[in-house]
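Before any comments, here is the structure.
The values are calculated or read from the model by the stated rules, or taken from the named source; none is laboratory data. The shown structure was predicted, so the numbers you read here are calculated from the model rather than taken from an experiment. Glycine gets a Cβ as well: all are built from the backbone with ideal geometry, and neighbour counts include every protein chain shown. Side chains included, ligands, DNA and RNA excluded: accessible areas come from the protein's heavy atoms. Shrake-Rupley method; radii C 1.70, N 1.55, O 1.52, S 1.80 Å.
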Amino acid sequence: MSRSPKGAVRIVEVSPRDGLQAEARVVPAATKIALIERLSDAGLATVEATSFVSPRRVPQLADGAEVLRGIVRRPGVAYPVLVPNLRGLDDALAAGAREIAVFGSASESFSQRNLHCSIAESLARFAPVVVRARAAGVRVRGYLSCVVACPFEGAIAPKQAATGAKALWELGCEELSLGDTIGKGNPETIRWMVEACAAIVPVGKLAGHFHDTYGMAVANVLASFELGVATFDGSVAGLGGCPYAPGAAGNVATEELVWLFEGMGIRTGVDLEKLVAAGRFAAEAVGAPNRSRVAGAMLRSEGGFES
């Protein structure tokens, strides 16, 4: 007997941006577009399409405008893009972006390595971006890196993460994605961090972005969900990592998120078989192993299935 659904979660698919930017192989724009369309066909309502960061820094996504223009957009699907500054915003808007994301850090050292500026300087850089985007009717998301640990500073106090969340929220971000960038969090440290951030930002406006370096990502998702977080970032096939955090694994595999929540009777709106097929396509495209345990189990099961 099937159980009746107990609510729903929203999954933000980040593999076309956060996943591909950390993989060594640069794939053609046509392949990126095909991946995005496979992901939206699987039922994902938010697929982060690309980045408008300088191609010198992220050559894997140098074709961002071509990709964004080339997507066959589905009704009800959002295709946010990452922007670092006003020039990136202008390029994104010209390519048809209707949702953007800016990215800060809870760690001063990580901000210097990733953004080449202090936290305060990054916020000053993002402020006009957010103002102009919202004036244009564009939704703005904020990413906050290193919310529980930093590769350079070690443990990050929950109060420090909450300070970063407060700054992005007051800047005008409409949703905050809390990133365990190096995947060192566990359910206890994640709970402390989420509780601190939720004391400042409404929990319904928080999202979890958990890398799986130590195999804790799914446990951390569940710990956050139990505190009221209902939006989670996933990367199909577990693709990705972080160029400025050596050794960090990719974001939690989207397949694991769907398996977890659907098994609990919580709606995701995602067709798992189509998602696994999309993950296989993505892993083959970048020449990386498929790191999703759920995908591996399904593809090994009796009969398997074909895309």
How many residues are among the acidic types (D, E), open to solvent by 50 Å² or more (accessible area, probe 1.4 Å) and either in a loop (DSSP other than H, G, I, E, B) or in contact with a strand residue (DSSP E or B) (Cβ under 8 Å, 6 or more places away or on another chain) (or both) if we restrict to the stretch 166-220? 1
Within the stretch 16-45, residues being touching an Asp or Glu at 6+ places or on another chain (Cβ under 8 Å), farther than 14 Å from D63 by Cα and buried (at least 20 other Cβ atoms within 10 Å of the Cβ) number 4
Output for the stretch 55-74, where each listed residue is farther than 22 Å from G287 by Cα and either open to solvent by 70 Å² or more (accessible area, probe 1.4 Å) or touching a strand residue (DSSP E or B) at 6+ places or on another chain (Cβ under 7 Å) (or both): R56, E66, L68, R69, V72, R73, R74
Going through the stretch 150-165 one residue at a time, which ones are open to solvent by 40 Å² or more (accessible area, probe 1.4 Å), in contact (Cβ under 8 Å) with a residue 40 or more places away in the chain and either polar (S, T, N, Q) or not in a loop (DSSP other than H, G, I, E, B) (or both)? Q160, T163
Answer with yes or no whether F52 is touching a helix residue (DSSP H, G or I) at 6+ places or on another chain (Cβ under 7 Å), surrounded by 15 or more Cβ atoms within 10 Å (Cβ to Cβ), within 28 Å of P151 (Cα to Cα) and aromatic (F, W, Y). yes
Near pairs, Cβ below 6 angstrom, 6+ apart or cross-chain, from the stretch 86-103 (within 18 Å of P55 (Cβ to Cβ) and open to solvent by less than 30 Å² (accessible area, probe 1.4 Å)) to any residue that is part of a helix (DSSP H, G or I) and among the basic types (K, R): A95/R69
State which residue pairs qualify: first residue within 19 Å of G234 (Cα to Cα) and inside the stretch 183-203, second residue assigned to a loop (DSSP other than H, G, I, E, B) and of a type in the set (S, T, Y) in any location, beta carbons under 6 Å apart, and separation of 6 or more residues or different chains. G183/T213; G183/Y214
